[in-house]
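Worksheet: one structure, shown below.
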Ligand SMILES: NC(=O)c1ccc[n+]([C@@H]2O[C@H](COP(=O)([O-])OP(=O)(O)OC[C@H]3O[C@@H](n4cnc5c(N)ncnc54)[C@H](OP(=O)(O)O)[C@@H]3O)[C@@H](O)[C@H]2O)c1
């Protein structure tokens, strides 16, 4: 268990991927709790629009808001932009690594270029941001949230590159949790289930039938529900934060009854493969 973070008032919250989807919802929810919000992504006009939305949630005129254009894949750019942000706004009290993406396909349909890009955004991106900002967090401590997925603890048909990247995020986070505790930095991993976001809409365009069958029937959460679950999890000092009952159940099955989960997956996949398209 981490030490819980209960008070976000005037804390600097840095959010990569904060211009859309889950990252934007987290920015809004944390602004409601009085935090200073600094969002990072690649597209300037989306950042500007997102920040206007976030600012509407402010509860105090002392709160500060900002954005920086950033590609988390680019190590040198992340070092420079995060260094400048820490100088300008002060170091993060909370760093949320939310930039990420998924393009589901069967393994044989994923070219090396896609695998490489997925790893660069989801895993290297997380490494780059943490590496750039942790030195600035040593003195005052704080929290790091790495956004993984349920695909960080269970393999799912159609997500070979994505699972590789998100299992990596979980492993990195477990180590960081042990190593950064001595600096008063707590580490959390958010593992959302399917969540209604612009990214999820894109993901749905390429899902193989087997992937669709696995997630069929599962409730799709809203980004706000996921953001509120994250804040609750941080307040309670949880390391693994899994929003929603179905996600928690899947984690329980994976840990305690992996053979049953595997059998359920196998049956669903076989059924989807036998259904004419
Ligand atoms: N939605 C789901 O069902 C779901 C489920 C489990 C886990 N997740 C994880 O949750 C996170 C957010 O997902 P989402 O669905 O909210 O995504 P989204 O709606 O597509 O938003 C992605 C955000 O990340 C930014 N981004 C993407 N690539 C970037 C890069 N290279 N550098 C900097 N910023 C980048 C995007 O802005 P720009 O494109 O302008 O850069 C945008 O702000 C991801 O890590 C995803 O894997 C999502």
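What are the principal axis extents of the Cα atoms in segment 12-274, in Å, biggest first?
For segment 12-274, the Cα extents along the three principal axes come out at 59, 35, 32 Å.
Would you calculate the separation in nanometres between label points at residue 228 and residue 174, each defined as 7 Å from the Cα along the Cα-to-beta-carbon direction?
Each label point lies 7 Å from its Cα, and together they span 3.2 nm.
Among 86, 106, 218, which one moves the most in a GNM of the chain with springs linking Cα atoms closer than 10 Å?
Taking springs between Cα atoms under 10 Å, the residue moving most is 218.
Counting other beta carbons within 10 Å of each residue's own, what order do 74, 108 fall into, fewest first?
Least crowded to most crowded, the residues run 108, 74.
Specify the inter-centroid distance of segment 176-235 and segment 31-54, based on alpha-carbon positions, in whole Å.
Result: 20 Å between the Cα centres.
Please work out whether segment 167-208 counts as rounded, prolate or oblate from its C-alpha gyration tensor, where a ≥ b ≥ c are the square roots of the eigenvalues and a/c under 1.5 means rounded, while otherwise a/b larger than b/c means prolate and anything else oblate?
Judged from the Cα gyration tensor, segment 167-208 comes out prolate (a/c at least 1.5, a/b above b/c).
Rank these for me by crowding, 191, 163, 98, going from fewest to most other beta carbons within 10 Å.
Final ranking by Cβ density, sparse to dense: 163, 191, 98.
What is the angle, in °, between the Cα long axis of helix 160-180 and the longest principal axis of the Cα atoms in the chain? Nearest 10 is fine, range 0 to 90.
The angle comes out near 40 degrees.
Got the relative contact order for the chain handy, in percent, Cα pairs under 8 Å and 6 or more residues apart?
It comes to 20 percent, rounded to a whole number.
Please check: in the Gaussian network model of the chain (C-alpha springs, under 10 Å), which one of 195, 129, 43 has the largest mean-square fluctuation.
43
Among 133, 245, 170, whose mean-square fluctuation peaks in a Gaussian network model of the chain (Cα, cutoff 10 Å)?
Looking only at 133, 245, 170, the largest GNM fluctuation is found for 245.
In degrees, nearest 10, range 0 to 90: what is the angle between the Cα axis of helix 245-256 and the longest Cα principal axis of the chain?
Tilt of helix 245-256: around 70 degrees.
Once the convex hull of the alpha carbons of segment 46-134 is built, what does its volume come to per residue, in cubic angstrom?
In segment 46-134, the Cα hull volume divided by residue count equals 121 Å³.
Run the numbers for residue 77 and residue 115: contour at 0.36 nm per residue of separation, minus the present Cα-Cα distance, in nm.
Taking 0.36 nm per residue and subtracting the Cα distance, the gain is 11.5 nm.
So between residue 88 and residue 212, what do we pick up on full extension, going 0.36 nm a residue minus the alpha carbon distance?
Full-extension gain reported as 40.1 nm.
According to a simple spin-label model (label point 7 Å from Cα along Cα-to-Cβ), what is the distance in nm between residue 255 and residue 201?
About 3.6 nm, to one decimal.
Report, in degrees rounded to the nearest 10, the 0 to 90 angle that the Cα long axis of helix 258-274 makes with the longest principal axis of the chain.
Orientation of helix 258-274: about 60 degrees from the principal axis.
Rounded, prolate or oblate, given the Cα gyration tensor of segment 1-44, with a/c below 1.5 counting as rounded?
In terms of gyration-tensor shape, prolate.
Determine, for 269, 241, 96, the number of other Cβ atoms within 10 Å of each Cβ, and report the residues in order from fewest to most.
Fewest-to-most Cβ neighbours within 10 Å comes out as 269, 241, 96.
Modelled label-to-label distance, residue 220 and residue 239, 7 Å Cα→beta-carbon offset: nm?
3.3 nm
Only the coordinates and a few stated rules stand behind these numbers; no lab work does. Just so we're clear, the structure is a prediction, and the values are computed from it rather than from any experiment. FYI the Cβ positions are ideal-geometry reconstructions off the backbone, even for glycines, and counts take in every protein chain you see.
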